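Below is one structure, written out as structure tokens; comments come after it.
The values are calculated or read from the model by the stated rules, or taken from the named source; none is laboratory data. For clarity, every value in this text was computed on a predicted model and none was experimentally measured. Positions of Cβ are generated from backbone atoms using ideal geometry, with glycine treated the same way; all protein chains shown enter the neighbour counts.
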Amino acid sequence: MIDFHAHLGNLFREQYPRKVPLTVHQLIDRMNREGIARSVLLLLESPEGSWGYSLTEEVVAARDRYPERLIAFVCVDPRYPHAPEFIDYFVRHHDCRGFGEHVNGLAFDDERNRAIYKKCDELGLPLVFEINDSMCWDEVGLPRLEKCLQDIPNVTFVGHGPGFWSAISADDPRQGYPTGRIVKGGALDRLLAAYENLYADLSAYSGFNAMTRDPEFTYGFLRRHWRKLLWGTDIVSPSDPLPQVAWLKTLDVSPEIRNAIAVDNAKRLLKLT
């Protein structure tokens, strides 16, 4: 399996020492125990994104300890005045394979965010983003996301978070982790079908909840979009439960679909041999 959404760093400063930073050695140990071959390391550099931080240079250093197991992304706050040069440097000199986790207090289509998307277009980087009620925010139906999908078609946008996954249902509440049956006709189904450059990140409770709240709907959703789904955990601390592991292993789908979600889609986006 390839975990498309993993974290390291000091992400729980307000809860120290009850929650301590996840070290690269602890992450590798957990990967070994869960059967995860490789993990994509995502950053959290914007102040709204976390109670702590995870910096690009820290992730690059961790990747360099286990280059056969870890893949580094680059991330920078779009309000940083040298953001384009920052991205250029880490892609060209440190082999960062994508951008993310893109989450900040701006609207999804704010011009400062769009400048990041255009840089990813220039460099051929997939971009992992979170939509929430106050971070990279959008309205019901995800119109801001759709406009960016239209305007910047060569960037692969990989969606994640409560505000993204709530749009799987037509009765999208725009926040939280809704329960119960999914109403057909949600924006997410439509956008995944309409736009080749939109993928979905199954990690965290938002993705897990979307895939388990209505099993009957889930199997139809998987059959429609399995080529565009990326498995992940969103691990952030040593003791995190990872129900996504058991979910993937027990999913009642063909080996082709399971392998695509677990490995093949990620390898294609990351250009891995």
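Screening Tyr195, Tyr177 for residues that are at pLDDT below 95 and among the hydroxyl-bearing types (Ser, Thr, Tyr) leaves exactly one candidate, Tyr177.
For Leu41, the stated conditions hold: it is within 18 Å of the chain's Cα centre (by Cα) and at pLDDT 90 or above. Within region 234-244, the set of residues being surrounded by fewer than 18 Cβ atoms within 10 Å (Cβ to Cβ) and part of a helix (DSSP H, G or I) comprises just one member, Pro243.
When each of Ala193, Ala167 is tested for being more than 18 Å from the chain's Cα centre (by Cα) and of a type outside the set (D, E, K, R), the lone residue that passes is Ala193. The set of residues in region 99-116 being under 27 Å from Ala61 (Cα atoms) and either in a loop (DSSP other than H, G, I, E, B) or touching a Phe, Trp or Tyr at 6+ places or on another chain (Cβ under 8 Å) (or both) consists of Phe99, Gly100, Glu101, His102, Val103, Asn104, Ile116.
Looking across region 99-117, the residues that are surrounded by fewer than 22 Cβ atoms within 10 Å (Cβ to Cβ) and not acidic (Asp, Glu) come down to Gly105, Leu106, Ala107, Arg112, Asn113, Arg114, Ala115.
Flag: Leu70 does not match the condition of being under 30 Å from Ala260 (Cα atoms), at pLDDT below 95 and either out of contact with any Gly (no Cβ under 8 Å at 6 or more places or on another chain) or of a type outside the set (Asp, Glu) (or both). Being crowded, with 21+ Cβ neighbours inside 10 Å and either modelled with pLDDT under 95 or assigned to a loop (DSSP other than H, G, I, E, B) (or both) holds for only one residue in Cys96, Cys120, and it is Cys96.
The set of residues from region 245-258 being assigned to a helix (DSSP H, G or I) and surrounded by fewer than 15 Cβ atoms within 10 Å (Cβ to Cβ) comprises Ala246, Lys249, Thr250, Pro255, Glu256. Scanning region 118-147 for residues that are aromatic (Phe, Trp, Tyr) and under 22 Å from Val60 (Cβ atoms) yields one hit, Phe129.
What about Arg97, is it of a type in the set (Lys, Arg), touching a residue at least 60 places away in the same chain (Cβ under 8 Å) and more than 20 Å from Arg190 (Cβ to Cβ)? Here the answer is yes, as Arg97 does meet what is asked. With the structure loaded, tell me whether Trp231 is surrounded by 22 or more Cβ atoms within 10 Å (Cβ to Cβ) and under 26 Å from Pro153 (Cα atoms) or whether it fails that test. Here the answer is yes, as Trp231 does meet what is asked. So, Leu222, is that one surrounded by 22 or more Cβ atoms within 10 Å (Cβ to Cβ), closer than 15 Å to Ile261 by Cβ and among the aliphatic types (A, V, I, L, M) or not? In short, no. Residues considered: Asn132, Asn154. Of these, the only one that is within 24 Å of Thr233 (Cβ to Cβ), assigned to a loop (DSSP other than H, G, I, E, B) and not hydrophobic (A, V, I, L, M, F, W, C) is Asn132. Screening Asp234, Asp252, Asp240 for residues that are among the acidic types (Asp, Glu) and touching a Ser or Thr at 6+ places or on another chain (Cβ under 6 Å) leaves exactly one candidate, Asp234.
Applying the criterion of being buried (at least 20 other Cβ atoms within 10 Å of the Cβ) and without any contact (Cβ under 8 Å) to a residue 60 or more places away in the chain to the residues of region 1-20, the residue that is nearest to Leu270 (Cα to Cα) is Leu8.
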